[in-house]
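Shown next, in structure tokens, is the structure this report addresses.
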Amino acid sequence: NPMAFLLNPVRHRRSVSPVVQSLLELCVHYQQQQQNNQNNLTSASNVNTNDVNERSRQKIKLLVKRINKSKKNGSTEDLVQAILHKNSTSSCITIPRSPDASKDQSSPSNLIVEYCRLWRWPDLSGQHELKPNDYCRHAFHYNHDHICINPFHYERVPRSYSVDVPRLPVGAPFDIRSASIGDTLFNQMPPNTAFGQMPQNTTHQDPSVPIPSPPVSLPSPPSITSQDSFLSPSSDANNDENQQEPVIPMDFDDISTMSLNSQQEQTSPCERILFQEPREWCHISYYEFKHRVGEPFHATQPEVIIDGLTNPSDGERFCLGSLTNINRTGEIEQVRRHIGQGVKLFYLQGNLFAECMSKNPVFVQSLIANKRFDWHPATVCKIPPNVTLKIFDNEDFRQILAQAVREGFRSVHNLTHMCTIRMSFVKGWGVEYGRQAVTCTPCWVEIRLDGPFKWLDTILSTMQPTESVTSVS
């Protein structure tokens, strides 16, 4: 019937609210834009708008209904504005977490995947390709009853990370710098901050409120004579022969000031070195003051909980409560009783997040996180309860690594310190505390990221050094 054919779109339009219609139009716009960007053989003008509407209308109507019913964080108008302006710093827009939601990272049925397909990446295959940005407080990765469906609160994880490494002829001179980079840094007391706060002693804001943008830089702290906490603890604190020499991190300012032999860079062939996911993505060692207690925990699951309970440790949980130490003091016992639910680590293809699940804060020192937020490199960040912080970003690391490769062999070797993260429970360290190093805290862990370490090892061996040096040298 010709008349029915003409009236059908009108009836559909009348049955759709203005908000749903706006979201549909944005969906068509982004899918057309995606086709243009990919230079498909089919012109963007050939996108069948009616087919897109037909596939998407019910999903969007259901989403709008869920948002209006939830009334927890954000509104449908906020969603339209976030998509329209592509605003990654917009507020979270949440809906209740589905009780039957799949925890399989490769599952394509996650609601977030559906919405990101509508307004960002039509070819998205699963939730394993998504990571939350720094402003999202309710990402589906986190342990919250309500999850954020703002598609601009997520970033797409690259299918692979790679760095081009020049292969110099055997016997070619190398810029092997002395390990003096950052000497002044480790004659300083680590400054302190709390995630989501101003650097001064302010009260932590509500977790639902986005972090201020851009982050506020911390001034360099005054110099002191003691070593910083990136010193690896000795197995015997009283035996000077067993104590390791200071570990010196890369000073971010030095990356751009190092010289490079331009002739070698231009004439040397390059080899592309890919980041490879290891079966065990990290090793976690537990310490009480300067002494390691128990054996390292080998993480193979994407989510790992480090808590103070006495359950047997398994692939998804590292229970500190069951570890014994004949030299344990009363101070250590008191702190161990307050670790509680501890911290949950989320690992997403080279990116690591930490969520404080305890009633007491955890304290983290991560060079990558400090670089990302423009903090002093040695900053110790306080993570309050129910707050999540990205403590390692593989793309940030790749960019720094690619630049270090151009600087020289020693610059790459110095990046090993970015692959180790220190985290203390209940008690912090730094300028605001009486403890100047992590080894002065009663209970803490060292997280060594295997993937970045092995990536560095491959690159170091590819660069054919004149001296035998690896990431563990």
> What do you reckon, is Phe409 within 21 Å of Arg156 (Cα to Cα) and touching a residue at least 40 places away in the same chain (Cβ under 8 Å)?
Replying inline: no
>> Let me confirm something: among Val412, Val445, which residue is open to solvent by less than 10 Å² (accessible area, probe 1.4 Å) and in contact with a helix residue (DSSP H, G or I) (Cβ under 7 Å, 6 or more places away or on another chain)?
In response: Val412
> Of (1) in the same structural domain as Phe353 (by the TED database); (2) at pLDDT below 90, Glu288 satisfies all except one. Which?
Replying inline: (2)
>> Looking at the range 272-330 only, could you name the residues that are in a strand (DSSP E or B), out of contact with any strand residue (DSSP E or B) (no Cβ under 7 Å at 6 or more places or on another chain) and more than 24 Å from Asn386 (Cα to Cα)?
In response: Glu288, His291
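Does at least one position in the range 365-372 carry a residue that is farther than 24 Å from Ile459 by Cβ and crowded, with 23+ Cβ neighbours inside 10 Å? So that I can check it myself, show each step before the final result.
Here is the first cut: in the range 365-372, the residues farther than 24 Å from Ile459 by Cβ are 365.
Next, from what is left, pick out any that are crowded, with 23+ Cβ neighbours inside 10 Å: 365.
Yes.
Can you name the helices (runs of 4 or more DSSP H) wholly within the range 370-473 that have at least 1 residues being farther than 21 Å from Tyr161 by Cβ?
Details: elements: 394-407, 409-414, 450-462.
Output list reads 409-414.
Rundown of residues vs (1) surrounded by fewer than 16 Cβ atoms within 10 Å (Cβ to Cβ); (2) at pLDDT below 90; (3) aromatic (Phe, Trp, Tyr); (4) assigned to a helix (DSSP H, G or I), yes/no style:
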position	(1), (2), (3), (4)
Leu63	no, yes, no, yes
Asn68	yes, yes, no, yes
Leu84	yes, yes, no, yes
Asp104	yes, yes, no, no
> For the range 280-300, what are the residues that are touching a residue at least 40 places away in the same chain (Cβ under 8 Å) and touching an Asp or Glu at 6+ places or on another chain (Cβ under 8 Å)?
Replying inline: Glu280, Trp281, Cys282, His283, Ile284, Ser285, Tyr287, Ala299
> Out of all the residues in the range 389-409, which are open to solvent by less than 10 Å² (accessible area, probe 1.4 Å) and of a type in the set (S, T, N, Q)?
Replying inline: Asn394
> Residues of the range 118-166 being in a helix (DSSP H, G or I) and over 16 Å from the mean Cα position of the chain (by Cα), which ones?
Replying inline: Leu118, Trp119, Pro151, Phe152
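The values are calculated or read from the model by the stated rules, or taken from the named source; none is laboratory data. None of the values given here were measured: they were computed from a predicted structure. Counting neighbours? That spans all protein chains shown, and the Cβs are built from the backbone with ideal geometry, glycine included. Accessible surface areas use protein heavy atoms only, side chains included; no ligands, DNA or RNA. Shrake-Rupley method; radii C 1.70, N 1.55, O 1.52, S 1.80 Å.
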